[in-house]
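Trainee: Just dropping this structure here.
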Amino acid sequence: MIHSLFLVNSSGDIFLEKHWKSVVSRSVCDYFFEAQERASEPENVPPVIPTPHHYLISVLRHRIYFVAVIQSEVPPLFVIEFLHRVVDTFQDYFGVCTEAAIKDNVVVVYELLEEMLDNGFPLATESNILKELIKPPTILRTVVNTITGSTNVGEQLPTGQLSVVPWRRTGVKYTNNEAYFDVVEEIDAIIDKSGSTITAEIQGVIDACVKLTGMPDLTLSFMNPRLLDDVSFHPCVRFKRWEAERILSFIPPDGNFRLLSYHVSCQNLVAIPVYVKHNITFREGSSQGRFELTLGPKQTMGKGLEAVLISSQLPRGVLNTNLNPSQGTYNFDPVTKLLSWDVGKINPQKLPSLKGSMSLQAGASKPDENPTINIQFKIQQSALSGLKVNRLDMYGEKYKPFKGIKYMTKAGKFQTKGLLRGRAWDLKN
Amino acid sequence: MSTNNLSYSDQGGTDSAVEVGQETTPTSSNAGAGFGLFSVDFKKNEDLKEMLESNKESLKLEAMKRVVGLIAKGKNASELFPAVVKNVASKNIELKKLVYVYLVRYAEEQQDLALLSISTFQRALKDPNQLIRASALRVLSSIRVPIIVPIMMLAIKEAASDMSPYVRKTSAHAIQKLYSLDQDQKELLIEVIEKLLKDKSTLVAGSVVMAFEEVCPDRIDLIHKNYRKLCNLLVDVEEWGQVVIISMLTRYARTQFTSPWKEDGVFDEHNERAFYESDEEKTRDETEAKPYMMDPDHRLLLRNTKPLLQSRNTAVVMSVAQLYWHLAPKNEVSIVTKSLVRLLRSHREVQYIVLQNIATMSIQRKGMFEPYMKSFYVRSTDATHIKSLKLEILTSLANEANISTILREFQTYVKSQDKQFAAGTIQAIGRCATNISEVTDTCLNGLVLLLSNRDETVVAESVVVIRKLLQIQPTQHSDIIKHMAKLFDNITVPMARASILWLMGEYCERVPKIAPDVLRKMAKSFTSEEDIVKLQTVNLAAKLYLTNSKQTKLLTQYILNLGKYDQNYDIRDRTRFIRQLIVPNDKNGALSKYAHRILLAPKPAPVLESAYKDRDRYQLGTLSHTINTKASGYLELSDWPAVAPDQSVRNVEVIEPVKEWAPSLGKTVKSKPAKSSDDKFYSDSGEEEEKGSGSSSSEDGSSSSSSEVQSILSGRLHILQNERVCPESGSDAESHVQKNSSQTSEESDKSSSQSEKSSSESDSEKKERKTKTPLQKKTVLGLEPICTACLSFLFLLNLSIEVLPVLSKLCPLSLAFPLQLSGPAFVPEKSHDLLHRMTGKGLSAQYQFPRQPCLYQPTMVSVQISLTNTTDHPLEQIHIGDRSPTGLNIHCFNTIECLEPEASVTVFMGIDFNDSTQAANFQLCTKEDHFSVSIQPAIGELLLPITMTELDFRKEQGKLLGMNESSATITMAAENMTSQPISRPVATVANLGMVPSSQDNVHRFAGKTANSGAVVLVTVELRGESTALITINTEKSVMGSMLLRDLKLALAQA
């Protein structure tokens, strides 16, 4: 399946290679570099590149390309999913997944890759199993190892590997038994200039951090499980129980994991928590443009909007801006033409605004598209879809765990289109 | 550092030595103190060699870490091979692993030296630690040295029968490695694969299927026997294995089942509904129409893959989606839509692949994705290839109803700053315009407006699309052509200019004044134009010459002369051709007569269609589909067979009853008649069916048609159950057990009219049961879910004892059965009244003995109780109350919260009868009432069958003589002597297992009592014409004599 893996940084250097079968020469990556050159943005490199003898499947994460070399037919998603799993594992082990982190831990990386694939077929990808085989590097352990000469590598087959709950290791012990669940929702929306919603959907996840002794069997129930009609589970969730009773019943992995992700797409369910009023005008022939932008909260269920950040790609003709924010700081990069305004918290009594003028390139023609405005924000203690956890019960163990649940809403791909509509086209229907 | 990295090719020699010195500095942050001194040393590798050969473990480890760092950077470290390989036997496991890494990388280059390490691996293969065994095999098989092929082969064979499933998994991986090293081993490897395919561990399943796909994907016959097992294990296999198994099963299903895609569009639901109608006429009608019946195995696959749509692994979701696309009936495919749309929220690369597949799907099945149209709206942050895929899908989804929304969306895209994307949008608009005639005019007008766009690419693309649109309906658009002629001077993109020229020429009669003028301009600029424009200029000239030679003769001559000396030979060629064609001279008169018809022939309008139109020739989700060419190793998906191959090949035969749980169950999952072979079998029951249901139709129903009745019934039964979740398949299989076994028992006496009557009665009973079966689902669910899973697994899978430890981890039930326990030889379906509906105020209950070992406690006898509510109000909280004798040990079923009117449920309970036939009395309670009921077991039900050899049997018998033996001589009924093996009536009376016997006239049966586990041995010896001697040996002499009485009755009467 997966023949070799090359890690390529943003400047086009291969800084790590690993082969699971015969060695494939680095020159195979030339095809990748060609495609990279052709692409205007790093994201535009096609994920699948056929070459005369191989196929290159790549993912881009943290500005590193993970290029897998394939020799024969294999479902491309299989490879892509695996590569992402590799990145997640690195992140899990090293905290960050950067070129420097990988280079510093090259031995651990190699050991991990060796365990994750055998002959190109995934062997162990569960982080709990991997951590038993290869212990994550910590400063303390490095010190201890150099002194005592002990190793980072486990000598026994992780118990999870053989059991029906491969995600959990046995013999877990904690003095404080705690289980935390974070319900995090991201709202994606496209709003048109008049403020009406074109599309809006909520993508939610429940991330858990479970530190419980032994083999606890948890059940999590919701006040309104009907909201969740499109879900995907961590393998630990008992699907049949969910089908029958709409209850999440599972033996959790140890540590951090994503229990569930869900999707609420029904438009009328999605209340848009923020509105943007903007007025950006360019006059033909003049070298000045006007810029006005006001923000305000809308349907936030009494919770405040925080960490609001506005960004917009202004047209190429804009040379510079002279704007005045009522709060926060703004920044305009004359090279990339990226305007960003860090608003911070929105006070409903005093709505933040950004007003001023833009200077345009002399003689440049009037841009025919008003810029799109991207908005980021956070709402603490509230899940926009209204999802509420009812209760969490634990079976199988005697102690009483500490349980916690947190809600949060974030903006995902939230944009307001500044387009002038219905001008050119005369649609009959 | 970074400058060093710029060179991609492998370096060697002194060059690399320099590199090494600089490269390793950052990785050696925790290196020994001495290391810094050497960092600029030229003899870097010497230093490593010394470290590797030193006595200190820590130095060696440090050196190996640096070596691995070199390998990771792609530097050559092969000269260290001798030094490294010495450490292969190291005790330090981390060091050992790093040596393994090194070996796998360089063994191919240093084959002779690599052989030094082999003996270490051979030793490690015998290590008691499974991890060490597995990793030794991994490395041994990864060393690509042809000389060790026989050693590898041996190791693989051994590992394939290792105790540890993890080692077996590794051996499955090793198969592929060996195969790629030496293809001659194929036959031997297939044997190993065959063996591993039988493995019941979920850990092995994925890997062995992978090996199967790589080594012998055409040996579909190996799958037959494992098909059901794979389907049932699928949910528990690790996610990567799931992907591989699903795609293999997709191919398998396409060769083994008939197409569920019916032309007449009769859906399964339809059949299902008809089933409930008692009208015999209807059933018969349908029989004649021969509706499609899905093979239950086909259904099994669809049902068991469906939950995986909820997987977090996108590859699994996609593979289930493609399975449904390629295998499911058309009306069921749409259940995958939601999950696919969900994947669009995943990483960019995932989106790309999923969108590609949706693009292909949406061409054939618009309806599937139309409700999710908005999910395909383009965001400004999307990557270019994602944008164009979304456009593609939106275009495919466009129809009369949603076109205005889509066009409005497209308008905004045209203004995008990404011009490539804007151009793509214009093409998409063109496609919408041709597909949906209502909007053609609107689109055309819109595109004309775009001609005044400032951006060149947008204008050019618009021109090209307008040309195509005009060609489709050229009549009323001379205005647009004129408009374009006006814009002509401002357009610089060659393709757009060429398009306008072509339009002028094609419709020159509609613009008689403008066309010659355009030609005049072109004549001026001819030499500076692009080739494609020149060609069209020549074309335009020729066409004008033919229609309007007066004005354009000279211009044409001029252009043809220019073309004659052009640098491009295409243009020279074309010029020569045109000149000969249109300018009349004496040589070529014949052709120039037709010049008008040749050049101005009506041309068919171009078809604007999706680039994804023909991608459906590749299996969805594959690499080949993504790159739209056949990738190496792509396995074609075959067409459905016209006639399904024999289904019975998937029946699992019972070879070792010792190991199996329920031997008879495996067979009975087969519920469909294989017409050719089983005709007789089914025609028999079919006839009875007709009678039993009281139809007045004559008895001469041909055997084939009646067998169809049967098949429809059983098929429907399946369809009913298919819609439910898995657990009930246990009861499903079970009902089949009963049906089939009773049928075989009836087989013999079909000639006698008397027995026919009696069996027809039982048949109608059977029918009732069948209608109830789907309802039983609730009951099984009523048990604890985990337990249910176990139950259904046991029923369905014929799980061997081997898997039980795994299961027992899952549910803390005592599953400790003595190994020799076997499944029941026969399950009588006779049910007894527990509570009559009159006395039970509408609640009626029946019980029967399923003869399954009780899961709750091994000493209990399991009892199956069917509760039916015959009242018109729901009964609540049905449970078991007081019991007597009070010490009676009962495992109650879970309280049934509510039983709807007319509904019935089946529950299981366990009763410890304490090896006596004393009735178990208890109270069956509802919310309002208590009913005292009692279960009195027949003596035969208190036994559990065991298997033993004849030798063991005799040994046991020898111990149980004297007062432990009871015997009787009986006169047997005639048919018991002849037509039927003696085992049948014995098995009916008592739950005993057959013991193979070397003598024809002596039959032996063995069992043990449920509570005390005392052995019960039964011998039936036939003597002469009609006498038989029954001997029973057991230490429970009371039970022995009671059993003897029952057996006497059963064998003598009948």
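The values are calculated or read from the model by the stated rules, or taken from the named source; none is laboratory data. All values reported here derive from a predicted model rather than from experimental measurement. Cβ: placed from backbone, ideal geometry, glycine included. Neighbour counts: every protein chain shown. Areas reflect the complete protein model, heavy atoms only, side chains present, ligands, DNA and RNA absent. Shrake-Rupley method; radii C 1.70, N 1.55, O 1.52, S 1.80 Å.
Trainee: Of the conditions (1) among the β-branched types (Val, Ile, Thr); (2) within 21 Å of B:Phe849 (Cβ to Cβ); (3) in a strand (DSSP E or B), B:Thr1031 clears all except one; give me its number.
Mentor: (2)
Trainee: Given the residues A:Glu178, A:Glu186, A:Glu245, which is the only one that is farther than 30 Å from A:Pro122 by Cα, at pLDDT 90 or above and among the acidic types (Asp, Glu)?
Mentor: After ruling out the rest, the residue left standing is A:Glu178.
Trainee: Only one residue in A:Tyr31, A:Tyr55, A:Tyr65 is modelled with pLDDT of 90 or more and open to solvent by 30 Å² or more (accessible area, probe 1.4 Å), so which one is that?
Mentor: A:Tyr31
Trainee: Take B:Gln957 and tell me if it is modelled with pLDDT of 80 or more, assigned to a helix (DSSP H, G or I) and either more than 30 Å from B:Arg1045 (Cβ to Cβ) or in contact with a strand residue (DSSP E or B) (Cβ under 8 Å, 6 or more places away or on another chain) (or both).
Mentor: So B:Gln957 fits the description; yes.
Trainee: Return yes or no: is A:Thr219 part of a strand (DSSP E or B), more than 10 Å from chain B (Cβ to nearest Cβ), in contact with a Gly (Cβ under 8 Å, 6 or more places away or on another chain) and not hydrophobic (A, V, I, L, M, F, W, C)? Write out each step before concluding.
Mentor: Details: part of a strand (DSSP E or B): yes; more than 10 Å from chain B (Cβ to nearest Cβ): yes; in contact with a Gly (Cβ under 8 Å, 6 or more places away or on another chain): no; not hydrophobic (A, V, I, L, M, F, W, C): yes.
It is false that A:Thr219 is part of a strand (DSSP E or B), more than 10 Å from chain B (Cβ to nearest Cβ), in contact with a Gly (Cβ under 8 Å, 6 or more places away or on another chain) and not hydrophobic (A, V, I, L, M, F, W, C).
Trainee: Give just the number: which of (1) in a strand (DSSP E or B); (2) in contact with a Ser or Thr (Cβ under 9 Å, 6 or more places away or on another chain) does B:Phe826 not satisfy?
Mentor: B:Phe826 satisfies all of (1) in a strand (DSSP E or B); (2) in contact with a Ser or Thr (Cβ under 9 Å, 6 or more places away or on another chain) except (1).
Trainee: Restricting to region B:190-228, name every residue that is of a type in the set (Asp, Glu) and open to solvent by 50 Å² or more (accessible area, probe 1.4 Å).
Mentor: Restricting attention to region B:190-228, the residues satisfying the condition of being of a type in the set (Asp, Glu) are B:191, B:194, B:199, B:213-214, B:218, B:221.
Within region B:190-228, B:Glu191, B:Glu194, B:Glu214, B:Asp218, B:Asp221 qualify.
Trainee: Moving on. Specify the residue that is surrounded by the most Cβ atoms within 10 Å (Cβ to Cβ); the eligible residues are those in region B:571-589 that are among the β-branched types (Val, Ile, Thr) and over 26 Å from B:Val463 (Cβ atoms).
Mentor: Filtering first and then ranking leaves B:Ile582.
Trainee: Mind checking which pairs have a first residue in region B:849-876 that is among the charged types (D, E, K, R) and a second that is crowded, with 20+ Cβ neighbours inside 10 Å, Cβ under 7 Å, 6 or more apart or different chains?
Mentor: Here the result reads B:Arg851/B:Pro824; B:Arg851/B:Val827; B:Arg851/B:Asn991; B:Glu876/B:Thr926, each pair linking region B:849-876 to a residue that is crowded, with 20+ Cβ neighbours inside 10 Å.
Trainee: Does region B:108-117 include one or more residues that are open to solvent by 20 Å² or more (accessible area, probe 1.4 Å), within 12 Å of another protein chain (Cβ to nearest Cβ) and not β-branched (Val, Ile, Thr)? First the steps, then the outcome.
Mentor: Residues of region B:108-117 that are open to solvent by 20 Å² or more (accessible area, probe 1.4 Å), as a first pass: B:108-113, B:115-116.
From the residues that got through so far, the ones that are within 12 Å of another protein chain (Cβ to nearest Cβ) too are B:108-109.
Still in the running and not β-branched (Val, Ile, Thr): B:108-109.
Scanning region B:108-117 turns up at least one residue that is open to solvent by 20 Å² or more (accessible area, probe 1.4 Å), within 12 Å of another protein chain (Cβ to nearest Cβ) and not β-branched (Val, Ile, Thr).
Trainee: If you take the residues in region B:153-179 that are within 13 Å of another protein chain (Cβ to nearest Cβ) and more than 14 Å from B:Asp199 (Cα to Cα), which one is most open to solvent (accessible area, probe 1.4 Å)?
Mentor: Taking the candidates together, the pick is B:Tyr179.
Trainee: In addition: Could you check how many residues of region B:64-107 are more than 12 Å from chain A (Cβ to nearest Cβ), part of a helix (DSSP H, G or I) and of a type in the set (Gly, Ala, Ser)?
Mentor: 2
Let's see how each residue does on (1) surrounded by 14 or more Cβ atoms within 10 Å (Cβ to Cβ); (2) touching a helix residue (DSSP H, G or I) at 6+ places or on another chain (Cβ under 8 Å); (3) of a type in the set (S, T, N, Q):
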site: B:Thr527; (1), (2), (3): no, yes, yes
site: B:Asp531; (1), (2), (3): yes, yes, no
site: B:Val538; (1), (2), (3): yes, yes, no
site: B:Tyr545; (1), (2), (3): yes, yes, no
site: B:Thr552; (1), (2), (3): yes, yes, yes
site: B:Leu555; (1), (2), (3): yes, yes, no
site: B:Leu562; (1), (2), (3): yes, yes, no
site: B:Tyr569; (1), (2), (3): no, no, no
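Trainee: I'd like the residue in region B:444-485 that is of a type in the set (Ser, Thr, Tyr) and either within 14 Å of chain A (Cβ to nearest Cβ) or within 54 Å of the chain's Cα centre (by Cα) (or both) and, out of all such residues, is least open to solvent (accessible area, probe 1.4 Å).
Mentor: Taking the candidates together, the pick is B:Ser462.
Trainee: Please go through region A:68-87 and give me each residue that is closer than 15 Å to B:Val350 by Cα and surrounded by fewer than 20 Cβ atoms within 10 Å (Cβ to Cβ), ordered by number.
Mentor: A:His84, A:Arg85, A:Val87, listed by residue number.
Trainee: Right, here's the next one. Between A:Asn256, A:Asn177, A:Asn224, which is out of contact with any helix residue (DSSP H, G or I) (no Cβ under 6 Å at 6 or more places or on another chain), surrounded by 18 or more Cβ atoms within 10 Å (Cβ to Cβ) and farther than 30 Å from A:Ile280 by Cβ? Show your work before the answer.
Mentor: Values: A:Asn256 fails: surrounded by 18 or more Cβ atoms within 10 Å (Cβ to Cβ); A:Asn224 fails: surrounded by 18 or more Cβ atoms within 10 Å (Cβ to Cβ).
Sole residue among the options that is out of contact with any helix residue (DSSP H, G or I) (no Cβ under 6 Å at 6 or more places or on another chain), surrounded by 18 or more Cβ atoms within 10 Å (Cβ to Cβ) and farther than 30 Å from A:Ile280 by Cβ: A:Asn177.
Trainee: So which residues in region B:605-636 are closer than 27 Å to B:Val215 by Cβ, open to solvent by 30 Å² or more (accessible area, probe 1.4 Å) and either in contact with a Gly (Cβ under 8 Å, 6 or more places away or on another chain) or part of a loop (DSSP other than H, G, I, E, B) (or both), if there are any at all?
Mentor: If the condition is that a residue be closer than 27 Å to B:Val215 by Cβ, open to solvent by 30 Å² or more (accessible area, probe 1.4 Å) and either in contact with a Gly (Cβ under 8 Å, 6 or more places away or on another chain) or part of a loop (DSSP other than H, G, I, E, B) (or both), then B:Thr629, B:Lys630, B:Ser632, B:Gly633, B:Leu635, B:Glu636 are the ones that fit.
Trainee: Search region A:24-37 for residues that are over 25 Å from B:His385 (Cα atoms) and pair each with any residue that is surrounded by 16 or more Cβ atoms within 10 Å (Cβ to Cβ) and of a type in the set (D, E, K, R) when their beta-carbon atoms are under 9 Å apart and the residues are at least 6 apart or on different chains.
Mentor: A:Val24/A:Glu17; A:Arg26/A:Glu17
Trainee: Looking at (1) open to solvent by less than 30 Å² (accessible area, probe 1.4 Å); (2) more than 8 Å from every other protein chain (Cβ to nearest Cβ); (3) modelled with pLDDT under 90, find the lone condition where A:Val96 falls short.
Mentor: Every condition holds for A:Val96 apart from (1).
Trainee: Follow-up question, since we're still on this one. In region A:182-198, how many residues are surrounded by fewer than 19 Cβ atoms within 10 Å (Cβ to Cβ), in contact with a Lys or Arg (Cβ under 6 Å, 6 or more places away or on another chain) and within 13 Å of chain B (Cβ to nearest Cβ)?
Mentor: Qualifying residue count for the region: 2.
Trainee: Still on this structure, I have one more. Condition first: open to solvent by 10 Å² or more (accessible area, probe 1.4 Å) and over 15 Å from B:Met293 (Cα atoms). Now tell me which residues in region B:245-262 satisfy that. Spell out the reasoning first.
Mentor: Residues of region B:245-262 open to solvent by 10 Å² or more (accessible area, probe 1.4 Å): B:247, B:251, B:254-256, B:258-259, B:261-262.
Correct list: B:Ser247, B:Arg251, B:Arg254, B:Thr255.
Trainee: Which pairs do you get when a residue that is more than 9 Å from every other protein chain (Cβ to nearest Cβ), found in region A:47-60, comes within reach of a residue that is assigned to a strand (DSSP E or B), reach meaning Cβ atoms under 7 angstrom, with the pair 6+ apart or on two chains?
Mentor: Cβ pairs passing all conditions: A:His54/A:Val69; A:His54/A:Ile70; A:Leu56/A:Ile49; A:Leu56/A:Val67; A:Leu56/A:Val69.
Trainee: Mind checking which pairs have a first residue in region A:72-89 that is within 8 Å of chain B (Cβ to nearest Cβ) and farther than 16 Å from A:His62 by Cβ and a second that is surrounded by fewer than 24 Cβ atoms within 10 Å (Cβ to Cβ) and among the acidic types (Asp, Glu), Cβ under 6 Å, 6 or more apart or different chains?
Mentor: Listed pairs, sorted by first residue: none to list.
Trainee: Within the group B:Thr395, B:Thr405, B:Thr434, which residue is open to solvent by less than 10 Å² (accessible area, probe 1.4 Å), among the β-branched types (Val, Ile, Thr) and within 40 Å of the chain's Cα centre (by Cα)?
Mentor: Values: B:Thr405 fails: open to solvent by less than 10 Å² (accessible area, probe 1.4 Å); B:Thr434 fails: open to solvent by less than 10 Å² (accessible area, probe 1.4 Å).
Answer to the selection: B:Thr395.
Trainee: Pairs please, first residue from region A:226-240 and more than 17 Å from A:Arg258 (Cβ to Cβ), second anywhere and buried (at least 19 other Cβ atoms within 10 Å of the Cβ) and of a type in the set (Gly, Ala, Ser), Cβ atoms under 8 Å, 6+ apart in sequence or on different chains.
Mentor: As it stands, the answer is A:Leu227/A:Ser385; A:Lys240/B:Ala789, since those pairs meet every condition given.
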